[in-house]
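The values are calculated or read from the model by the stated rules, or taken from the named source; none is laboratory data. Since we're looking at a predicted model, the values are computed, not measured. Cβ placement follows ideal geometry from the backbone for every residue including glycine, while neighbour counts extend to all protein chains displayed.
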Ligand SMILES: Cc1cc2nc3c(=O)[nH]c(=O)nc-3n(C[C@H](O)[C@H](O)[C@H](O)COP(=O)(O)OP(=O)(O)OC[C@H]3O[C@@H](n4cnc5c(N)ncnc54)[C@H](O)[C@@H]3O)c2cc1C
């Protein structure tokens, strides 16, 4: 259940691999499919409201797009270089880092991102390594203590803020930087650990990101239209219980509930929605899910008279005002650089800053326009503007997240025919959600096949 990218990718996988005759029903609570993938027109051009690019280096992404017949519409960024705004001055994001943790000190120095003292604090880690890190710690503690508060505030916090809308003092090293966490067990120096983590990862070829002409959300819309999959929108699942053969779901509007019986269930909803549904069937998983926090944000998209912004695909803001990240959509994507207008997206709000979002749409647009004027010299009034609100949009991978997910998956695995997938577990990105969903579907498919074999064997046994 859940017609976000995870639920739909799982349904599609099952439609191809499940035993013949399997009925695949996707129950979606809201009016539309896609979850955090949504597209609408602004100044007559379709533009994503939520996720706008997927990691192209995760092969499942391009394979899925191609398999769905969307291959001709895959587009790659025209530029991926980005800047960081520190006290109003734009600096390039230095090369050779692992989510801001530097492996290449020359590149860090060349970026002029840090002051002399800030750079010296980073270099100190090489000359005076600390102890290997064997427990999960927060990114803020690790980087602040070992590489200095300036690198944390000017690089790591904005980069992680861009992915999780989170705060480094709470985010887990193990969950957000798993390759670094592995190396921190072996290296006293964080920089040496980052170098080892980078050299462990084979140099991938090709573009890092991809989207679709017409919006990344087309991926979800296309999945929902595939033969063999039935999607019912405005059908929230309210209860999930076990029966002797599978599951009983109470769905639909509260005054007119409907009961659906299912042999197997893929639960692909956000953590706070999965929690009450699992209370009866996997109570230990429900308790753990309650511990996953979320961050809320809004995306303000503007169509403005043609003008040039600073070079690159966008920028991250260290500290400062309401706007945390900016995408120069028409510079990043060549297919959006065609008409008399150009498009720019501003991400507003992050964990602990919900008050910033407590404004009317017009007010949020005014804030974005004013801050973009200061940050990137935006001039002229928007010809069209849109606010997309994502309340609780991003799960937070806090310290202990990896162990928490392990406990959730173990509790769910005890319930035959039940799997969970989606952004709450093993990666918030679209690519990770697709990969996790496919694995979840394969697990269900295995179980269905085993049950079918067992049933066939029982029938055969009775016939003898
Ligand atoms: C503003 C924003 C920008 C982002 N940008 C990017 C990006 O550029 N690249 C990237 O890789 N990732 C990005 N992400 C992250 C990524 O988009 C999401 O993590 C991912 O799409 C989540 O997919 P999902 O299927 O797990 O969950 P969701 O998309 O949340 O889908 C879950 C679905 O379940 C439904 N549901 C909930 N409860 C019930 C119920 N009881 N019964 C039935 N249905 C229910 C919901 O209505 C929803 O449709 C972004 C996220 C946000 C918020």
Is segment 318-335 home to any residue that is under 18 Å from the mean Cα position of the chain (by Cα) and surrounded by fewer than 16 Cβ atoms within 10 Å (Cβ to Cβ)? no
Qualifying position, being more than 19 Å from residue 442 (Cα to Cα) and under 29 Å from the mean Cα position of the chain (by Cα), among 242, 232, 248: 232
Checking the condition free of Cβ contacts under 8 Å to residues at least 40 places away in the same chain and either part of a helix (DSSP H, G or I) or surrounded by fewer than 17 Cβ atoms within 10 Å (Cβ to Cβ) (or both), which residue from 220, 181, 196 passes? 196
Can you name every residue in segment 27-74 that is closer than 16 Å to residue 433 by Cα and more than 8 Å from the ligand (Cβ to nearest atom)? 38, 56, 57, 58, 59, 60, 61, 62, 63, 64, 65
Given the conditions (1) buried (at least 16 other Cβ atoms within 10 Å of the Cβ); (2) away from the ligand (no atom under 15 Å from the Cβ); (3) more than 30 Å from residue 258 (Cβ to Cβ); (4) assigned by TED's automatic domain parsing to the domain that holds residue 261, every one holds for residue 17 apart from (3)
Can you list residue pairs whose Cβ atoms sit under 7 Å apart, with the first residue in segment 424-438 being within 17 Å of residue 293 (Cβ to Cβ) and near the ligand (Cβ under 9 Å from one of its atoms) and the second being part of a loop (DSSP other than H, G, I, E, B) and modelled with pLDDT of 95 or more? Count only pairs 6 or more apart in sequence or on different chains. 424/270; 424/292
Out of everything in segment 356-383 that is surrounded by fewer than 16 Cβ atoms within 10 Å (Cβ to Cβ) and over 23 Å from residue 86 (Cα atoms), what residue ends up being modelled with the lowest pLDDT? 380
Of the conditions (1) over 24 Å from residue 298 (Cβ atoms); (2) surrounded by fewer than 23 Cβ atoms within 10 Å (Cβ to Cβ); (3) within 16 Å of the ligand (Cβ to nearest atom), residue 162 clears all except one; give me its number. (1)
Scanning segment 78-102 for residues that are under 14 Å from residue 311 (Cα atoms) and in contact with a strand residue (DSSP E or B) (Cβ under 8 Å, 6 or more places away or on another chain) gives 80, 81, 82, 83, 84, 85, 90, 91, 92, 93
Which ones in segment 53-78 are outside the structural domain of residue 10 (by TED's automatic domain parsing) and over 26 Å from residue 227 (Cα atoms)? 76, 77, 78
In segment 184-221, which residues are within 15 Å of the ligand (Cβ to nearest atom) and out of contact with any helix residue (DSSP H, G or I) (no Cβ under 8 Å at 6 or more places or on another chain)? 207, 208, 209, 211, 215, 217, 221
